[in-house]
Amino acid sequence: MTTERTLSFTEALERFDPTLGLEVHVELNTASKMFCGCSTVFGAEPNTQVCPVCLGLPGAMPVLNAKAVESAVRIGLALNCDIASWCRFARKNYFYPDMPKNFQTSQYDEPICFDGWMDVTVPDAEGQSVRVEIERAHMEEDTGKSLHVGGATGRIHGADHSLVDYNRAGIPLIEIVTRPVTGTRESAPVVARAYVAQLRDLLLGLGVSDVRMEQGSLRCDVNLSLSPAGSGLLGTRTETKNVNSLRSVERAVRYEIGRQAAVLDGGGSVVQETRHWHEDTGITTSGREKSDAEDYRYFPEPDLVPIAPDADWVESLRARLPEPPRERRARLQEDWGFSDLEMRDTVGAGALELVEGTIAAGAAPSAARKWWLSELARRANEQGLELGDLPVTPADVARVQALVDEGRVNDKLARQVLDGVLAGEGTPDEVVERRGLAVVSDEGALSEAVDRAIAANPDVADKIREGKVAAAGALIGAVMKQMRGQADAGRVRELVLEKLT
Amino acid sequence: MPDISRDEVAHLADLARIDLSEAEIDHLAPQLAVILDSVASIREVAADHVPPTSHALPLTNVFREDVVRPGLTVEEALSGAPVEPEQQRFSVPRILGEEA
Ligand SMILES: [Zn+2]
């Protein structure tokens, strides 16, 4: 592996305009495979979820999964695509051991969804958005997984042979392909990342996929080309395969911009090829030269009949689409009165649904955000958990805040109530009861405690009598200490001032 | 009259990962040309009013419900493997010049 020369990002952009293209493969979360009844559960023992169809045994016949077609159409509708009234599968012929049939059943010139778009919000750019046009979203099947043995690194170089597990072969995939995205200039890396992130959220909202990049259920290929700045031309592109984290998408775009700029700057020309992304070093290296489409010798799949989605059915799916994540966020931000930063932090912490649920259960938006983003985020972080995995519900959090609002607990006690809930001691009310956490609302006891504090601190009491109200803090502190924190500090303050002014 | 060149045969062999000698290419190219000729004769009967089709029956939307059904056991799945399986997986020759 040789490291190629790269130009700095700034220099590269002075001379060239980048054009992006993204191909995202998403594994659907259907129970069974695309063309057979084999299970799709992730992580099963090798070759335990296979049958004659997905092993490509002679005579086996595929039958299309209805749910996969429905998911494909819903994805297309969510991406503002037209839905084909009639389309077919095609055989994409190539010979590689991860594809036991020696062809992949895919769609070629008749994709089920085409001509769509998604408006992508660019982070750190003042609410600016970029319209990414979707060329097509088509159905296909996943391949098996190869393990290269005999080599040192598990990669193919130096391997004696490969071992193949076909559990993944035949899992339904949707390939979503953008049109070239131009004019993003220095934002190209963040636009690429934001597109994949937003697409992931959209797919999650549709409930059609687990969209777990680390498990490979969402995979991204990054196409990039450069043209001389201001020329409006399209340069030769490279396709960087398997860029499988959001951060890597951004890094891969940035790296290819610098690398291609150095090639062109040195008088060379970019080779149209597949490139491999190296997560560890953050670079791409040359793979095979890209086959021409004609080398795949596509032809209509004779074993599957055409798909003709009924227009009324498509409309009924459209009517039942969930609100798109971007619109939903804008609406919630407005409803809740959050600043851009507060909203971004809420989303970034994975707390959107939790905060929404807490507000729905009666808490004020700012209080809901405060609990999840400070107190609970800290605890989740300490335990290495996602916020949503903490054993506390939005309703619990709303109840804790209600206890504060009712004056039954103060902030400090409220945190102890949460401790109890997180420790599995029951609902907030049960924890208050069992731990005896309610603030003392017995006026007589409070009044006596205030009197004792005044007697013990005559100097402070004198200052307050002279009008130095700020000194009251010391007496309030003394009272709270006597009451072991189980008092309403606001009420204590009122009592102190009543007695001394 | 379709014709197929030696280069095209060599390219197809390459795509199909079949190692052909020069002599074999010379031998196969004319044979493939005959097959192409035979298939091309269909064009003579396909008139303009006959739309191209990929299926003999006018069927659409043949689906199955998304229900898991038992497939093969590992032993059954691996029983036809030409090479002794390892780690419950099919063993295949490495592919040169490409990376999965
Ligand atoms: Zn199967």
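The values are calculated or read from the model by the stated rules, or taken from the named source; none is laboratory data. Note that this is a predicted model, so its numbers are computed, not measured. Note that each Cβ is placed from the backbone with ideal geometry, even for glycine, and that neighbours are counted across all protein chains shown. Heads up: the accessible areas ignore ligands, DNA and RNA and are worked out on the full protein's heavy atoms, side chains in. Shrake-Rupley method; radii C 1.70, N 1.55, O 1.52, S 1.80 Å.
Just checking, which of A:A487, A:A470, A:A449, A:A455 is farther than 14 Å from A:V409 by Cα and open to solvent by less than 40 Å² (accessible area, probe 1.4 Å)? If you could, list the steps in order and put the result at the bottom.
Numbers: A:A487 fails: farther than 14 Å from A:V409 by Cα; A:A470 fails: open to solvent by less than 40 Å² (accessible area, probe 1.4 Å); A:A455 fails: open to solvent by less than 40 Å² (accessible area, probe 1.4 Å).
Answer to the selection: A:A449.
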So A:R254, is it assigned to a helix (DSSP H, G or I), at pLDDT below 95 and out of contact with any Gly (no Cβ under 6 Å at 6 or more places or on another chain): no
Within region A:124-175, strands (runs of 3 or more DSSP E) holding 3 or more residues that are modelled with pLDDT of 95 or more and of a type outside the set (F, W, Y): A:129-141
Residue list for region A:164-189, restricted to those being over 20 Å from A:G76 (Cβ atoms) and touching a helix residue (DSSP H, G or I) at 6+ places or on another chain (Cβ under 8 Å): A:Y166, A:T184, A:R185, A:E186, A:A188, A:P189
Some residue of region A:27-49 being within 16 Å of the ligand (Cβ to nearest atom), farther than 15 Å from B:V67 by Cα, more than 29 Å from the chain's Cα centre (by Cα) and open to solvent by 30 Å² or more (accessible area, probe 1.4 Å): yes
Meets criteria (more than 14 Å from chain B (Cβ to nearest Cβ) and free of Cβ contacts under 8 Å to residues at least 40 places away in the same chain) for A:D82: yes
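Only one of these is closer than 30 Å to B:L59 by Cβ and assigned by TED's automatic domain parsing to the domain that holds A:E256: A:E279, A:E315, A:E301, A:E273. Name it.
Numbers: A:E279 fails: closer than 30 Å to B:L59 by Cβ; A:E315 fails: assigned by TED's automatic domain parsing to the domain that holds A:E256; A:E273 fails: closer than 30 Å to B:L59 by Cβ.
Matching residue, one of A:E279, A:E315, A:E301, A:E273: A:E301.
Go through region A:288-340 and give me each residue that's closer than 29 Å to B:H55 by Cα, in a helix (DSSP H, G or I) and open to solvent by less than 60 Å² (accessible area, probe 1.4 Å).
Correct list: A:A293, A:D295, A:Y296, A:V314, A:L317.
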Number of the condition not met by A:M34 [criteria: (1) touching a Lys or Arg at 6+ places or on another chain (Cβ under 9 Å); (2) under 13 Å from A:I174 (Cα atoms)]: (1)
Any hit, region A:401-417, residues being closer than 19 Å to A:G362 by Cβ, among the charged types (D, E, K, R) and open to solvent by less than 40 Å² (accessible area, probe 1.4 Å): no
Residue in region A:65-82 that is within 15 Å of the ligand (Cβ to nearest atom) and at pLDDT 95 or above present: yes
Among the candidates A:A438, A:A461, residue that is within 30 Å of A:V496 (Cα to Cα) and open to solvent by 10 Å² or more (accessible area, probe 1.4 Å): A:A438
Residue in region A:346-356 that is at negative phi and free of Cβ contacts under 8 Å to residues at least 12 places away in the same chain present: yes
Evaluation of A:R247 against (1) part of a helix (DSSP H, G or I); (2) under 30 Å from A:K67 (Cβ atoms); (3) open to solvent by 10 Å² or more (accessible area, probe 1.4 Å) (one fails), failing number: (2)
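Can you find even one residue in region A:127-139 that is among the small types (G, A, S), open to solvent by less than 10 Å² (accessible area, probe 1.4 Å) and either away from chain B (no Cβ under 14 Å) or over 20 Å from A:G207 (Cα atoms) (or both)? Break it down stepwise before answering.
Applying the first criterion (among the small types (G, A, S)) to region A:127-139 yields A:127, A:129, A:137.
Okay, now just the ones that are also open to solvent by less than 10 Å² (accessible area, probe 1.4 Å), so A:137.
Checking the rest, the ones that are also either away from chain B (no Cβ under 14 Å) or over 20 Å from A:G207 (Cα atoms) (or both) come to A:137.
Within region A:127-139, one or more residues are among the small types (G, A, S), open to solvent by less than 10 Å² (accessible area, probe 1.4 Å) and either away from chain B (no Cβ under 14 Å) or over 20 Å from A:G207 (Cα atoms) (or both).
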Qualifying residue in region A:1-23 (condition: farther than 30 Å from A:S286 by Cα and either assigned to a loop (DSSP other than H, G, I, E, B) or more than 16 Å from the ligand (Cβ to nearest atom) (or both)): no
Number of the exception - A:A262 against (1) within 14 Å of chain B (Cβ to nearest Cβ); (2) in a helix (DSSP H, G or I); (3) touching a Lys or Arg at 6+ places or on another chain (Cβ under 6 Å): (1)
Residues satisfying the stated conditions in region A:264-287, i.e. touching a residue at least 60 places away in the same chain (Cβ under 8 Å), surrounded by 14 or more Cβ atoms within 10 Å (Cβ to Cβ) and over 16 Å from A:R254 (Cα atoms): A:D265
All helices (runs of 4 or more DSSP H) inside chain B with 2 or more residues being more than 14 Å from chain A (Cβ to nearest Cβ), more than 30 Å from A:I171 (Cβ to Cβ) and open to solvent by 90 Å² or more (accessible area, probe 1.4 Å): B:22-40, B:42-45
Subset of region A:156-198 (residues that are away from every other protein chain (no Cβ under 14 Å), surrounded by 20 or more Cβ atoms within 10 Å (Cβ to Cβ) and among the charged types (D, E, K, R)): A:R193
Residues being away from chain B (no Cβ under 11 Å) and either of a type in the set (F, W, Y) or at negative phi (or both) - total across region A:7-59: 22
